[in-house]
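Asker: Questions regarding the structure given below will be posed in turn.
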Amino acid sequence: PLAPGDGYISGLPTKLFGANLSAWNPYLQAGTYTFKDIGFQFLYLPSVLLMAIFPNPFGYNLLILTHYSLAGLFTFLFLKKLHLATFPAFLAGLIFMFSGFASAHLAHYMIITTMAYLPILLYAVETYLQSRRFLHLFLAALAFGLSLFGDYPAVSLYIGMVCFPYIWFRALTGQEVHSKPLSARLKTAAAASAVFPGGLLIAAAQIFPILESLPLVTREKITYEFFASFSFPVYQLPMLLFPYLFGANVSGPYPS
């Protein structure tokens, strides 16, 4: 029932104390200060509310499954917004919800709660590009801000790497703006791109402490050789599509 790995040894005990906004968690690492690090989601409102209502394994499982469901639902809604037929949009939602990325990172619950905002952000951005209503632009910024509160900034960066080019491509080439002058298209693209600084401002309560702590962190100083040492060999490429092709909790077949 509980996600393995970090979800079992860290996720549930973290959520139990995070729901009470407790600064000290005696059941993690023989006692730890909750607000000292990312990964505790102490400012992630969906987690705080849900675990406050269900402070038990059921609440934790519901939190994880809700984000899987949101990922599939908003993929469906986003593709429907692009006028895709119902069945292929539904199938695409299932594919993204059960994709290799989502399945392989079940143990890292912060990744799951963060990656769910990719289709939400795409849906909100696409809705803004079609309606030009600033309410949808605010909702898009809120989605990006919540992804940052999800406590896995690398995945938020990946979300931006997908959404930023999409915004400019749609704003410059979409049918809705085909007849408009280039200056109007650029203005639309710039306005839609404001979701990223807007999301950073929404998550400023967490972003600024992270930036302040960077001089004390060692991971940004690792060598390329150390970073590349965790790469998959070529014969493990199928695991990108099927993470458990060679079994669970193993990294794949190794030559003798």
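Asker: So what is the calculated 222 nm ellipticity per residue for the chain, using -39500 (n - 2.57) for each DSSP H run with n of 4 or more, over all residues, to the nearest 500 deg cm²/dmol?
Answerer: -18500 deg cm²/dmol
Asker: Suppose every Lys and Arg Cβ carries +1 and every Asp and Glu Cβ carries -1, with no other charges. What dipole size does the chain come out with about its Cα centre, to the nearest 20 debye?
Answerer: 760
Asker: Tell me the relative contact order for the chain as a rounded percent, counting alpha carbon contacts under 8 Å between residues six or more apart.
Answerer: 17
Asker: With a 1.4 Å probe and all protein chains kept in place, how much accessible area does THR173 have, in Å² rounded to the nearest 10?
Answerer: It works out to around 80 Å².
Asker: So, one more: What is the total of Lys pairs in the chain with C-alpha atoms under 26 Å apart, excluding same-chain pairs fewer than 8 positions apart?
Answerer: Close lysine pairs under the 26 Å cut-off: 6.
Asker: Heavy atoms of the protein only, probe of 1.4 Å, neighbouring chains included. What is the accessible area of LYS187 in Å², nearest 10?
Answerer: Only protein atoms counted, so the area is about 150 Å².
Asker: For the full complex of protein chains and a 1.4 angstrom probe, list SER183, SER103, SER156 by accessible area with the highest value first.
Answerer: SER183, SER103, SER156
Asker: Would you mind putting 70-78, 20-28, 44-52 in packing order, based on average other-beta-carbon counts within 10 Å, highest first?
Answerer: My ranking of the peptides, most packed first, is 70-78, 44-52, 20-28.
Asker: Compute a Gaussian network model of the chain, connecting alpha carbons closer than 10 Å, and tell me which residue from GLU225, GLU212, GLU126 fluctuates the most.
Answerer: Highest fluctuation among the options: GLU225.
Asker: Which of the listed residues, LEU148, PRO165, PHE17, is farthest toward the dipole's positive end in the chain, when Lys, Arg count +1 and Asp, Glu count -1 at the beta-carbon?
Answerer: PRO165
Asker: Calculated from the structure, Kirkwood radius over Cα pairs in Å equals which of [x] 22.1; [y] 20.1; [z] 22.6?
Answerer: [y]
Asker: Please arrange ARG185, ARG132 by accessible surface area, largest first, computed with a 1.4 Å probe and ligands excluded.
Answerer: Result of the area sort, largest leading: ARG132, ARG185.
Asker: If you count, for each residue, the other Cβ atoms within 10 Å and average over each peptide, how do 53-59, 158-164 line up from highest to lowest?
Answerer: 158-164, 53-59
Asker: Here is a further query. Using packing as a proxy for protection, rank 193-200, 136-143, 83-90 so that the peptide with the highest average count of other Cβ atoms within 10 Å comes first.
Answerer: For the peptides 193-200, 136-143, 83-90, the packing ranking is 136-143, 193-200, 83-90.
Asker: Step through the residues of region 145-158 one at a time and calculate ³J(HN,Hα) from phi using the Karplus curve (6.51 cos²θ - 1.76 cosθ + 1.60, θ = phi - 60°), rounding each to whole Hz and writing x for Gly and Pro.
Answerer: Calculated HN-Hα couplings, in order: x, 5, 5, 5, 5, x, 6, 9, x, 4, 5, 4, 5, 4 Hz.
The values are calculated or read from the model by the stated rules, or taken from the named source; none is laboratory data. The shown structure was predicted, so the numbers you read here are calculated from the model rather than taken from an experiment. FYI the Cβ positions are ideal-geometry reconstructions off the backbone, even for glycines, and counts take in every protein chain you see. SASA here: full protein model, heavy atoms, side chains in, ligands and nucleic acids out. Shrake-Rupley method; radii C 1.70, N 1.55, O 1.52, S 1.80 Å.
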